[in-house]
Amino acid sequence: GQQLNQSPQSMFIQEGEDVSMNCTSSSIFNTWLWYKQDPGEGPVLLIALYKAGELTSNGRLTAQFGITRKDSFLNISASIPSDVGIYFCAGQNTGNQFYFGTGTSLTVIP
Amino acid sequence: ETGVTQTPRHLVMGMTNKKSLKCEQHLGHNAMYWYKQSAKKPLELMFVYSLEERVENNSVPSRFSPECPNSSHLFLHLHTLQPEDSALYLCASSQDNWETQYFGPGTRLLVL
């Protein structure tokens, strides 16, 4: 079945550094979503992408819908301590099924 | 953000207990979902309700029983659970079936 491969699994970075993570699928997706989950909380939607090649920003976060429609990228610029958490990608395929990645755990060292 | 609320936030239960999880959405959405989140695993979709009708049941054991009395409320009734059912149970809603989903804070369940 389809899987979403999210990488890296974890990141340890210094405050102020930029962060990049990505998500790939084995098949074409129509929608890519990026969520952040804080400990003990549910995922919060950060960015939604609906068109191949689309580049969308939300503050210091920028996400892109890959032109192959099989991948997506999330970048965080100038990281701060409150960026700590787990970042999940989610994709919706042509059959309208949603799949979630296993998450990237981000630690920001002050 | 209080668009989707869940109660209780934490629950400890024995294997012979019966309990219920509650989810309420204040977003005017038509679809609601239950997910199970276990450590190191992707979110697992359990049930989908659209306009109060169950449209998907992802091979979930019968010890989990969902109920959707109206488009704003979703319950997950639990009985005779197993320790491996311990997880974070997340509720989500979307405007219509399979559109972008918004999650509640989850119920952390521990089965002893």
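The values are calculated or read from the model by the stated rules, or taken from the named source; none is laboratory data. All values derive from a computational prediction rather than experimental measurement. Glycine gets a Cβ as well: all are built from the backbone with ideal geometry, and neighbour counts include every protein chain shown. For the accessible areas, the whole protein counts, side chains as well, though only heavy atoms, and no ligand, DNA or RNA atoms are used. Shrake-Rupley method; radii C 1.70, N 1.55, O 1.52, S 1.80 Å.
Some values worked out for this structure:
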item: Out of A:LYS70, A:LYS36, sole residue that is surrounded by 15 or more Cβ atoms within 10 Å (Cβ to Cβ), touching a residue at least 12 places away in the same chain (Cβ under 8 Å), basic (Lys, Arg) and within 14 Å of chain B (Cβ to nearest Cβ); result: A:LYS36
item: Candidates A:SER77, A:SER20, A:SER27, filtered to the one that is more than 14 Å from every other protein chain (Cβ to nearest Cβ), under 10 Å from the mean Cα position of the chain (by Cα) and at negative phi; result: A:SER20
item: Residue check, A:GLN6 in a strand (DSSP E or B), over 24 Å from B:ASP96 (Cβ atoms), open to solvent by 10 Å² or more (accessible area, probe 1.4 Å) and within 10 Å of chain B (Cβ to nearest Cβ); result: yes
item: Restricting the stretch B:91-112 to residues that are buried (at least 19 other Cβ atoms within 10 Å of the Cβ) and either in contact with a Cys (Cβ under 6 Å, 6 or more places away or on another chain) or free of Cβ contacts under 8 Å to residues at least 60 places away in the same chain (or both), the residue that is farthest from the other protein chains (Cβ to nearest Cβ); result: B:CYS91
item: Among the residues listed as A:TYR99, A:TYR87, the single one being at pLDDT below 95 and either under 23 Å from B:CYS91 (Cα atoms) or open to solvent by 60 Å² or more (accessible area, probe 1.4 Å) (or both); result: A:TYR99
item: Unmet criterion (only one of (1) of a type outside the set (D, E, K, R); (2) at pLDDT below 95; (3) crowded, with 20+ Cβ neighbours inside 10 Å) for A:MET21; result: (2)
item: All positions within the stretch B:90-112 that are under 16 Å from the mean Cα position of the chain (by Cα) and among the hydroxyl-bearing types (Ser, Thr, Tyr); result: B:SER93, B:SER94, B:TYR102, B:THR107
item: Exclusive hit being without any contact (Cβ under 8 Å) to a residue 40 or more places away in the chain, within 30 Å of B:MET46 (Cβ to Cβ) and either open to solvent by 10 Å² or more (accessible area, probe 1.4 Å) or among the aromatic types (Phe, Trp, Tyr) (or both), set A:GLU54, A:GLU41; result: A:GLU41
item: Considering residues of the stretch B:5-45 that are of a type in the set (A, V, I, L, M, F, W, C) and open to solvent by 10 Å² or more (accessible area, probe 1.4 Å) only, the residue nearest to the other protein chains (Cβ to nearest Cβ); result: B:LEU43
item: Single condition B:LEU88 does not satisfy, out of (1) in a strand (DSSP E or B); (2) within 13 Å of chain A (Cβ to nearest Cβ); (3) open to solvent by 50 Å² or more (accessible area, probe 1.4 Å); result: (3)
